[in-house]
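The values are calculated or read from the model by the stated rules, or taken from the named source; none is laboratory data. Quick caveat, the model's predicted, so the values are computed rather than measured. Positions of Cβ are backbone-derived with ideal geometry, glycine not excepted, and every protein chain shown enters the neighbour counts. Protein only, heavy atoms only, side chains kept; ligands, DNA and RNA dropped before computing areas. Shrake-Rupley method; radii C 1.70, N 1.55, O 1.52, S 1.80 Å.
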Amino acid sequence: MFKKINRTAFPPEKSVLIWDGDCTFCKFWKTRWELKTHNVIDFAPYQDIAKRFKDIPLKEFKKASRLIEKDGQVYSGPDSAYRSIYHSGTTFWHQLYTNQKWFRTLSDHGYNHIAKNRSFYYKVTIALFGSNPKKIKHWWILYCIVILSVIIYF
């Protein structure tokens, strides 16, 4: 499980989401988040930027994405994604994560499972949304309809 880190003594000039630059799953979703956040935050692979945050162990960047705010506040794992979207005006997910223990626990365990199985979930992502993160396909709706139809039939 990834470690939650609250603060860094080395805050960036602009909030930055730090992700694994070697991970295709991470790259796909990082691109989606860039589109949603409209340049309000920066995005950088930990391979390029981790050394700037001397008080955060490299192994922790390898385990989970981190959003580091201008005030030094650090958001880890699923909350790094929720807090990133918060900057674009969608506050619901970060508030739910912050205020509801059941959602925080579910998100943390789900994130940890996905992090340990990134190649599989990248294949699932491609199957559901297509290979272009800038222009996703909505095939998942068709899959849901087929599954629901089979369930209703039986």
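Which pairs, out of Lys36/Lys137; Lys54/Lys123; Lys101/Lys137; Lys27/Lys70, put more than 25 Å between their alpha-carbon atoms? Going by Cα-Cα distance, Lys54/Lys123; Lys101/Lys137 fall outside the 25 Å limit.
Of the solvent-accessible surface of the chain, computed with a 1.4 Å probe and all protein chains present, 60% belongs to carbon and sulfur. For the chain, the longest principal axis of the Cα atoms and the long axis of helix 139-153 meet at an angle of about 50 degrees. Report, for the chain, the % of DSSP beta bridges that are antiparallel, rounded to 5. That works out to approximately 65 percent antiparallel. As a rough guide to protection, the peptides 142-151, 25-34 ranked by mean Cβ packing within 10 Å, highest first, stand as 25-34, 142-151. The simple spin-label model puts a point 7 Å past each Cα toward its Cβ; for Asp22 and Arg52 those points are separated by 2.1 nm.
Cross-link reach is defined here as a Cα-Cα straight distance under 20 Å, omitting same-chain residues fewer than 8 places apart; for Lys116 the aspartates and glutamates meeting it are Asp20, Asp22, Glu60, Asp79, Asp108. In the chain, a dipole from Cβ-located charges (positive for Lys and Arg, negative for Asp and Glu) runs towards its positive end, and of Pro12, His113, Pro78 it is His113 whose Cα lies farthest in that direction.
Give, as ranges by residue number, the residues of region 107-147 whose backbone N falls under 18 Å from the point 7 Å along Cα→Cβ of Phe154. Residues 143-147 qualify, since their backbone N sits under 18 Å from the label point. Taking every protein chain into account, the accessible area of the chain amounts to 62 square angstrom per residue (probe 1.4 Å).
Report, in deg cm²/dmol and to the nearest 500, the calculated mean residue ellipticity at 222 nm for the chain, where each DSSP H run with n ≥ 4 adds -39500 (n - 2.57) and the sum is divided by the residue count.
Here the helix-only value at 222 nm equals -16500 deg cm²/dmol.
Can you bin region 21-135 into rounded, prolate or oblate? Criterion: square roots of the alpha carbon gyration tensor eigenvalues sorted a ≥ b ≥ c, rounded for a/c under 1.5, prolate for a/b above b/c, oblate for the rest. Rounded, because the longest to shortest axis ratio a/c is under 1.5. Sorting 40-46, 109-115, 76-82 by their mean Cβ neighbour count within 10 Å, with the most densely packed peptide first, gives 76-82, 40-46, 109-115.
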